[in-house]
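Take a look at the structure set out below.
The values are calculated or read from the model by the stated rules, or taken from the named source; none is laboratory data. In this text, all values refer to a predicted model and were calculated from it rather than measured experimentally. Note: ideal-geometry Cβ built from the backbone for every residue, glycine included; neighbour counts use all protein chains shown. Ligands, DNA and RNA are excluded from the accessible area calculation, which covers all protein heavy atoms including side chains. Shrake-Rupley method; radii C 1.70, N 1.55, O 1.52, S 1.80 Å.
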Amino acid sequence: MAETMDLGSVSRGFRAMFSMLSPNESSFEKVEDVPPYVQQATPFFVGLMVLELVLGTLKTGGSVVTISDGITSISAGMISRLPTLVMRGCELTAYMYVWDRFRLVELPWDSAWTWWFTFLGVDFCYYWVHRFAHEVSVLWASHQVHHSSEYYNLTTALRQSLTQQFTSWIFYMPLALVAPPAIFAVHIQLNLLYQFWIHTELINDLGPLEWIFNTPKHHRVHHGRNLYCIDKNYGGILIIWDRLFDTFALESDKVIYGLVYPIRTFEILRVQLHYYFYLWRKSKYYKKINNKLSTFFKGPSWKPGKPRLGDHSNNPKVTGKEVPHDPSWPLHLQVYVVVHFLLVLAVYHDVFERKMVRICHVKSRGFYAVFCSSTVTLKEGRALWPNNKSCHCYVFIPTCSLAMKTRLFQKHVKLLFNYIISGPTCTFYYRLLLEERDGGRDRGHEISSHSDSPLVFL
């Protein structure tokens, strides 16, 4: 009986990744009864990423993922979920507030019609969340995180923004007037999970499905910085919204991924926040208040005298020969960073699995920020602050000690103990890196001097 239940859970978890659950098995009366589909999907995330790595190596003869970019993407995903340790998601909280006070109709939670209506409603609202995130600069400041990778693989799907959730909830409020929160809670998760598997270059054409659904082929276009790719294919699960609202584009020329002006860094805090600083400094260049406000509320390419969305006439020309930012660094440092990352990933997973928030969330949140910043800075061969790696160790050790005291990390005590014993080597490795820095830094890290580039204002 237990084996049947386990197989059933695995089946549901896997089908949830492709939004293939039926109304009967995913309709709930109360929000508290809705499974945490995203949290439960972690094994499937890992399994599919490993599968992509193996198949990509066999198909191309090289890795489809780099350590630097992959860890940065996954770290961004980890950071984006930290607020849920201390509060319910903004989208669901706001949705329940509107439903409780302002609903116009109460559709039955156990009706298949309600389930399908909410499926379409969530996907339609997501289209506008996504479109506004590209067409309004202050919203783009958060969403650009997801587009900052110059690679396109399943780890890119996890490169999420810490701040986007604080504005995206607005677009779902009309749905809260009629659709029950529990059904919304199901579909907001399924919509997100579906978008994981479409971040790959290994799947080409899916035939007739391409007409209705968002697919890897369509979403590759969305992530491109080619002129024909910009501001196209916003759909979540369905591509029909793009076809209806004239934002659809077919994949044609080779897609070059990333931002129009690549940031060429793996520093996670810089990846998350750099565009906000750019907008602030850009607004200071204008004297008129309407131009200052337009900097934040018109398109990212807007300038005085241009249309609301600006134009792309000054974009760097895409030749198809662009090479992603991938600075060289020694093998022993790659091993060191991967070991650190796997350890923090294990702690992170247990924190969310056991919800030991009251005791450790403050220290753990601080640790994750330090870990991510120091690790990616280490990869680029420069210090974010003096003795960066020493600070990294000093934060890591007490955090993990706290985890053990709260029985949060019981399964990994031996591994953690070995890590703590090796703690004193951190400073040695960091100093060694600094000695090798000049020879290992990628020349492409120099800041662009183009007047439109966000990097000019940093």
Residue-wise HN-Hα coupling along the range 166-176, computed from phi with Karplus coefficients 6.51, -1.76, 1.60 (Hz; x: Gly, Pro): 7, 10, 5, 4, 4, 6, 8, 5, x, 5, 5
Karplus 3J(HN,Hα) series, Hz, for the range 237-249 with 6.51 cos²θ - 1.76 cosθ + 1.60 (x for Gly, Pro): 8, 9, 9, 5, 5, 5, 5, 6, 9, 6, 10, 9, 9
Accessible surface, per residue, of the range 1-101 when the full set of protein chains is kept, probe 1.4 Å, Å²: 53 Å²
Selection from 92, 118, 67, by position along the positive dipole direction of the range 59-140 (Cβ): 67
Cα radius of gyration and Dmax for the range 7-297 (Å): 19.3, 64
Computed magnitude of the charge dipole of the range 7-297 (debye, nearest 20; Cβ of K, R +1, Cβ of D, E -1): 1220 debye
Estimated distance in nm for a label pair at residue 345 and residue 281, the labels positioned 7 Å out from Cα along Cα-to-Cβ: 3.4 nm
Karplus 3J(HN,Hα) series, Hz, for the range 35-42 with 6.51 cos²θ - 1.76 cosθ + 1.60 (x for Gly, Pro): x, x, 4, 5, 5, 5, 7, 3
Distance from the range 284-350 to the range 122-153 (C-alpha centre basis), Å: 12 Å
Burial order of peptide ranges 117-124, 292-299, 317-324 (average beta-carbon count within 10 Å, highest first): 117-124, 292-299, 317-324
Distant-in-sequence amide H partners of residue 238 (H built 1.01 Å from N, under 5 Å): 214
Cα principal axis extents for the range 153-259, largest first, Å: 43, 31, 23
Order by protection proxy (mean Cβ within 10 Å, highest first), peptides 333-344, 153-164: 153-164, 333-344
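Tell me the relative contact order for the range 7-297 as a rounded percent, counting alpha carbon contacts under 8 Å between residues six or more apart. Numbers along the way, then the final one.
Details: 420 pairs, mean separation 69.5, N = 291.
Reported relative contact order: 24 percent.
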Residue-span extension gain [residue 116 to residue 58] - 0.36 nm each, minus C-alpha spacing: 16.9 nm
Ordering of 89-98, 20-29 by packing [mean C-beta count within 10 Å, highest first]: 89-98, 20-29
